Amino acid sequence: MSKPPKMRPAPRPPAKRWCEGCSKTSRKVRRMPLRTVPTKPSTVRRPGSRSQARPVRYAVVGLGHIAQVAVIPAFGNAERNSELTALVSDDPQKLKQLSRRYEVPYCYSYREYDQCLREGHIDAVYIALPNSLHCDYAVRAAKAGIHVLCEKPMAVTAQECRRMIQAADKADTKLMVAYRLHFEEANMNTVELARSGKLGNLRLFNSVFTMQVREGDIRVEAELGGGSLYDIGVYCINAARYIYQANPTKVSASMVKGTDRRFREVDEMTTAWLEFPGNRLATFVCSFGAADVSAYEVVGTKGHVRMDPAYEYVGELEQNIALNGKSRSRRYASRDQFAPELLYFSDCILNDRTPEPSGLEGLIDVAIVEALYRSAKTGRPLSVSLPDKKQWPTHEQVIKRPPVRKPTLVRVKSPSL
């Protein structure tokens, strides 16, 4: 995510844009055609048109930490069907340096976002903005006939999620939420193990996801949709759901905030339990003020499996299985977890398939997050009625790509200490 854009005035007439030589002039990004970088013509299915098998052209919207360390480098591993052709940011230095490094031909400021959508240089956007801006930028893209791949959480409220889904449906565009672990081998192998019945009847899921967040990071700003539950608790919720392949019917939560000045506005720590059909439980703790832990455990009547680490996108993941009195461990090599999202989403666009994870997946998680906040406020468990979901992630979605090199960051810091 990156710093939020300022309020946008009415758009100016379109003009050709080049990233080289970006400079800050009257709070606009000036382009100079110093170098022509060719971009392949789009042959992507647009509403009302026929599709052709050529790369999907993307704009990355927001040049914060996750965009710089993971999303933009991932295009190098997704060249089969995905191409980065535009960047959107209000920071001229980011636009200049990143466009030059990755040979991205078109750059736009946030106020020029609508021009980016309509000038014909892109087919899809990857939204890596603060949570509170996801809905607005996704809806505007859909209305322009542009497909949307949006970072999680999908939005701040279920109502915003519904707006995003409705806009995509009305425009006949694709909408996917960037749940990278739906394409990651270790997690999907755990899903297959849980589904196989080898662990017996699944009884409980327990997870801990904690980190130390840097003071001043957007994740601790309430106005931007910050808080540990929105940012990392959603991983625990989503993992419990894809392990059980079901939605909870009752939830309860307790929260801690104000433990230090970082957490004056948002929850520093949340503990929650979720009740699933079949008398199955899921519990988790997420925190922005504790040492790094990223793990979950699934316990059945015959055995259990533990993933530790489970949610990280850099480094190895490890799976430990205890079954029939025997234990075994497996390490999964570090891989690029973002290129698979691009490859999969582009295939959905090119072949007119509904993505999994869809907008519905994002909506359900956000509805659960909202219910947990209400439970923490009232001190009571709440029953939840969630939409039915028939399509769940499986091992068939796994895509393997080599890890990317850690890039030099441009005017951004890691969110963690």
*Taking the chain as a Gaussian network, where each spring joins two C-alpha atoms under 10 Å apart, which residue of VAL404, VAL314, VAL139 fluctuates the most?*
VAL314
_If you fit an axis through the alpha-carbon atoms of helix 234-244 and take the longest principal axis of the Cα set of the chain, what angle between them do you get, 0 to 90°, nearest 10?_
60
*For SER385, what accessible area in Å² do you get when you roll a 1.4 Å probe over the heavy atoms of the protein chains, rounding to the nearest 10?*
120
_Residues of the stretch 276-304 with amide N under 15 Å of a point placed 7 Å along Cα→Cβ from LYS326_ = 303-304
*How much of the accessible area of the stretch 184-332, in percent, comes from carbon and sulfur atoms when a 1.4 Å probe is used?*
46
*asked:* Let me check I've understood the local charge: for SER228, count other residues with C-beta under 9 angstrom from its C-beta, Lys and Arg +1, Asp and Glu -1. What total comes out?
replied: -2
*If you place +1 on the Cβ of every Lys and Arg and -1 on the Cβ of every Asp and Glu, how big does the dipole about the Cα centre of the chain come out, in debye to the nearest 20?*
1020
*asked:* Sort TRP392, TRP273 by heavy-atom solvent-accessible area, probe 1.4 angstrom, most to least.
replied: TRP273, TRP392
*Percent of beta bridges antiparallel (DSSP, the chain, rounded to nearest 5)*: 65
*Return the distance in nm (one decimal) between the two label points of a simple spin-label model at ARG101 and LYS198, each offset 7 Å from Cα along Cα→Cβ.*
4.1
*Residue by residue through the stretch 214-224, which ³J(HN,Hα) values in whole Hz follow from phi under the Karplus form 6.51 cos²θ - 1.76 cosθ + 1.60 (θ = phi - 60°), with glycine and proline marked x?*
5, 4, x, 5, 4, 5, 10, 10, 4, 4, 9
*How many angstrom separate the Cα center of the stretch 142-176 from the Cα center of the stretch 205-227?*
24
*Could you tell me which of PHE345, VAL366, ALA141 has its Cα farthest along the dipole of the chain towards the positive end, charges placed at Cβ (Lys, Arg +1; Asp, Glu -1), taken about the Cα centre?*
ALA141
*Taking a probe of 1.4 angstrom, what is the accessible area of LYS302 in Å², to the nearest 10?*
130
*Which value in nm describes the separation of the simple spin-label points at SER383 and SER414, placed 7 Å from the Cα toward the beta carbon?*
4.6
*For n ≥ 4 DSSP H runs only, could you compute -39500 (n - 2.57) per run for the chain, divide by its residues and tell me the 222 nm figure to the nearest 500?*
-7000 deg cm²/dmol
_On a 1.4 Å probe surface of the protein chains, which of THR259, THR270, THR394 comes out largest in accessible area, and what is the full order?_
THR259, THR394, THR270
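Averaged per residue, what accessible area in Å² does the chain show with a 1.4 Å probe, protein chains only? Display every interim value, and only then the final one.
Working: 17660 Å² over 417 residues.
In whole numbers, the chain has 42 Å² accessible per residue.
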*What ³J(HN,Hα) values, in whole Hz, does the Karplus curve 6.51 cos²θ - 1.76 cosθ + 1.60 give for the stretch 256-264 when θ = phi - 60°, with x put for Gly and Pro?*
10, 9, x, 5, 8, 5, 5, 10, 6
_Inter-label distance for GLU223 and ARG261, nm, one decimal - labels placed 7 Å from Cα along Cα-to-Cβ_ = 1.9
*Between the stretch 337-382 and the stretch 277-305, what is the C-alpha centre distance in whole Å?*
19
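The values are calculated or read from the model by the stated rules, or taken from the named source; none is laboratory data. Just so we're clear, the structure is a prediction, and the values are computed from it rather than from any experiment. Counting neighbours? That spans all protein chains shown, and the Cβs are built from the backbone with ideal geometry, glycine included. Only protein heavy atoms, including side chains, enter the accessible area calculation; ligands, DNA and RNA are left aside. Shrake-Rupley method; radii C 1.70, N 1.55, O 1.52, S 1.80 Å.
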